[in-house]
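Structure first, commentary second.
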Amino acid sequence: MSTTKTAFITGATSGIGREIAREFAKHEIRLILCGRRQERLNELQAELRSHTEVHTLNFDVRDKDKVAAAVASLPANFQKIDILINNAGNAHGLDPIQKGSLDDWDAMLDINVKGLLYVSNAIIPQMVERNAGQILNIGSTAGKEVYPNGNVYCASKHAVDALNQGMRLDLNAHGIRVGAINPGLVETEFSDVRFKGDTDRAEKVYQGFQPLTPKDVAETAYFIVSRPAHVNIADLTMMCTAQASSTIVKKS
Ligand code: NDP
Ligand code: 8X3
């Protein structure tokens, strides 16, 4: 039987998820890449297939029926999932609570929290049945502290922090490793999404200092999944050197 592990990565079309896919491919981890942008999934599959087997799944994590159907559709050689990377998510807007948009709030809670739960619900049972598996939740420093105008995004990431702890408690009896990486500022498409395509505003977020790169986070993710079976990195916060907290960043 093959000893190659299979990882299921949500949000693999961009940023942190895409770099985790590249890092895992280097180490020949079999990949299930998920996202809504099929063209990007195809490009990444073409890029990585010389390193490892790659299957793509196109679904919106907000749609629980589509999530379940996508997982059920996996071909036989991708059905046993060893590693779940719960990464899909974004911030939508950066407004004081009194000016917040209900659509933005729905998006953040539906994607970052409920979407993570729908995907986990579709995959955890097989890990429980095998008494094995590893779940890595991508939280945020926004799940450890709250910053001005971050309100609902921070709430969604605090929920990820709580779910990371809750999963670890409930799955302990089944030997399933559960942990989180909580990054600070990482330059990805995150701010483009947050500011709805206002690229000038998005670029300014990362000016005057060296933010984390998606590769920095991806290397950390590989470190976590490559620890011996008795080691679980439960909760890891990482920031660039210039960042001390959500609001304190040393800029030139
Ligand atoms: P990107 O915008 O670059 O990537 C977001 C990914 O999430 C994309 O692949 C996107 O795929 C996917 N996604 C978004 N919405 C949905 C949806 N409804 N259904 C399915 N997939 C979806 O951002 P990052 O790489 O920065 O973000 C990844 C994770 O890291 C998020 O959870 C974010 O909160 C977290 N994070 C980011 C930080 C940062 O500073 N960048 C810092 C801390 C945490 P597609 O659009 O194709 O569906
Ligand atoms: C992303 C980091 O500080 O923009 O989770 O919220 S921050």
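Remarks
- Filter pass, Asn137 being open to solvent by less than 50 Å² (accessible area, probe 1.4 Å), closer than 22 Å to Val193 by Cα and not in a helix (DSSP H, G or I): yes
- Residues that are within 20 Å of Ala7 (Cα to Cα), assigned to a helix (DSSP H, G or I) and within 13 Å of the chain's Cα centre (by Cα) within region 156-201 comprise Val160, Asn164, listed in sequence order.
- Single match in Ala107, Ala12 (criterion: touching a strand residue (DSSP E or B) at 6+ places or on another chain (Cβ under 9 Å), within 14 Å of ligand 1 (Cβ to nearest atom) and aliphatic (A, V, I, L, M)): Ala12
- Cβ separations smaller than 8 Å between residues 6+ apart or across chains give the following pairs from region 132-156 residues that are closer than 22 Å to Asp95 by Cβ to residues that are more than 10 Å from ligand 2 (Cβ to nearest atom) and aromatic (Phe, Trp, Tyr): Val152/Trp105.
Okay, residues lined up against (1) within 16 Å of ligand 2 (Cβ to nearest atom); (2) modelled with pLDDT of 95 or more; (3) not in a helix (DSSP H, G or I):
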residue: Ile81; (1), (2), (3): no, yes, yes
residue: Ala88; (1), (2), (3): yes, yes, yes
residue: Leu94; (1), (2), (3): yes, yes, yes
residue: Gln98; (1), (2), (3): no, yes, no
residue: Asp110; (1), (2), (3): no, yes, no
residue: Gly115; (1), (2), (3): yes, yes, no
residue: Asn121; (1), (2), (3): no, yes, no
residue: Val128; (1), (2), (3): no, yes, no
residue: Ala132; (1), (2), (3): no, yes, yes
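- For region 76-106, a residue qualifies if it is buried (at least 20 other Cβ atoms within 10 Å of the Cβ) and either free of Cβ contacts under 8 Å to residues at least 24 places away in the same chain or over 15 Å from the mean Cα position of the chain (by Cα) (or both), and the qualifying residues are Ile81, His92, Gly93.
- Residues of region 200-220 satisfying the condition of being of a type in the set (A, V, I, L, M, F, W, C), within 11 Å of ligand 1 (Cβ to nearest atom) and touching a Leu at 6+ places or on another chain (Cβ under 9 Å): Val205, Leu212
The values are calculated or read from the model by the stated rules, or taken from the named source; none is laboratory data. Everything numeric in this text was worked out from a predicted model, so none of it was measured. Cβ sites come from the backbone with ideal geometry, for glycine too, and all protein chains shown count toward neighbours. In case anyone asks, the SASA skips ligands and DNA or RNA and just uses the protein heavy atoms, side chains included. Shrake-Rupley method; radii C 1.70, N 1.55, O 1.52, S 1.80 Å.
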